[in-house]
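A.B. asks: Here it is, the structure, as structure tokens.
The numbers here are math on the coordinates, done by the rules we state, and not lab data. Just so it is clear, the model here is predicted, and its values are computed rather than measured. Cβ placement follows ideal geometry from the backbone for every residue including glycine, while neighbour counts extend to all protein chains displayed.
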Amino acid sequence: MHLSTNADLLVLHFFSKCQRSMCSRSFYLALFKHTLYVGQRACYRTALEFCKLILSLEPDGDPTGVLLMIDYYALKSEQYEFLIRMYREWEAHRNLSQLPNFAFSVPLALYHQRSLEGKSTEEADLLLQEALLHFPALLRPLLDKCNIKPDKDVLSHEFFGPAADASHPEMLRQLIALYIGRCHGVWKEPAVITWMENNVQTVMRRVDRNDPLAQQLREKRECRYRGTPRNVLRHILMSEIQNATAALPRDVANTSFMSFDPLPPVDNIATYRRPPRKPRAEENYGPLSMFFRSLMPNYTAEDVSSCTQNLNDFSHPCWKNRSFAGSSWNRSV
């Protein structure tokens, strides 16, 4: 393991095979669970810093899917500049715009930043419109989760109707359900709802004019998102967001897994193997000592059988020098 530092962050470079080892995955899992813990207690900036740390350990593989939640903590901690800069720097090689959470959270962060600065939100408008054109099936479930009833034009428009959801592959529906379950609260502000409504109306007009971008994004949406990566499934399972877990494929939802190691890699390296038990010599365990032995984690059924046999054998040393004087056995009837 190589350790280096820079001005912003401590970076740990693990060998690629370390993720195949349970000890490395346990470290990731502990950090991930702690991030969720502090985030649930409204320590959003702390949770964001933990996301940065986890992502720095293996930014290319991202085994716990931190990219699916780092935008949420950036919005909640009002770190809009960080989220926008990350999107612009990573988009070229990571295609963050293909993830629904970045496609919608980045315009929202840009909208808040421009509003605080008193500047035009035109760039945020264009990004939100592109996100709606790319993922139209996200709009109505998001409004339902926010307890907002859309107007009749949106309800009757084919682009945002049931046909939109049918055009989304299974993996994309899982990502949308994950984003709505986690981030719906950031869209409840009245000013944000008004801003979204205006852009939804603009999107419907663009679709009615046969905007070529809508068709291009539809083709990309239908040919991508083939099969859900294992790190995304692992993230959904560990996040325990009801909307997302309900959208998991049946073979994953019905599979039992250990909470300390959910969905291990296919080429997992079992670093912990219990050695075979060595046959023990005859041991002189009395009732009291056997009781204390039963509290030990390595106590097995063999010990129970041995103890029962010893207690039934009065010639066994455990009964040696035992006096029953005064007991009912020696009393004359």
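A.B. asks: To check my understanding: the extent here is largest minus smallest coordinate of the Cα atoms along each principal axis. What are those three numbers for segment 29-102, in Å, largest first?
C.D. replies: The Cα atoms of segment 29-102 stretch 33, 25, 19 Å along the principal axes, largest first.
A.B. asks: Hand me the GluC sites (Glu not before Pro) from segment 51-113 located in a DSSP loop with no more than 16 other Cβ atoms within 10 Å, in residue order please. Provide the component values of the computation, followed by the final result.
C.D. replies: Values: sites: GLU78, GLU81, GLU89, GLU91; in loops: GLU78.
Filter output for segment 51-113: GLU78.
A.B. asks: Between ASP151 and TRP90, what length in nm is gained on full extension when 0.36 nm per residue of separation is reduced by their alpha carbon distance?
C.D. replies: Numbers: separation 61, 0.36 × 61 = 21.96 nm, distance 3.64 nm.
Computed gain between ASP151 and TRP90 is 18.3 nm.
A.B. asks: Can you list which of the trypsin sites (Lys or Arg not before Pro) found in segment 24-130 are DSSP loop residues with at most 12 other C-beta atoms within 10 Å?
C.D. replies: On the way: sites: ARG25, LYS33, ARG41, ARG45, LYS52, LYS76, ARG85, ARG88, ARG94, ARG114, LYS119; in loops: ARG41, LYS119.
Answer by residue number: ARG41, LYS119.
A.B. asks: Determine the principal axes of the Cα atoms in segment 166-234, then give the extent along each, sorted from largest to smallest and rounded to whole angstroms.
C.D. replies: Here the Cα extents, ordered largest to smallest, are 37, 32, 16 Å.
A.B. asks: Throw me the Rg/Rh for segment 210-256, computed over C-alpha atoms with Kirkwood Rh, two decimals. Let's see the in-between values first.
C.D. replies: On the way: Rg = 14.8 Å, Rh = 12.7 Å.
Radius of gyration relative to Kirkwood radius: 1.16.
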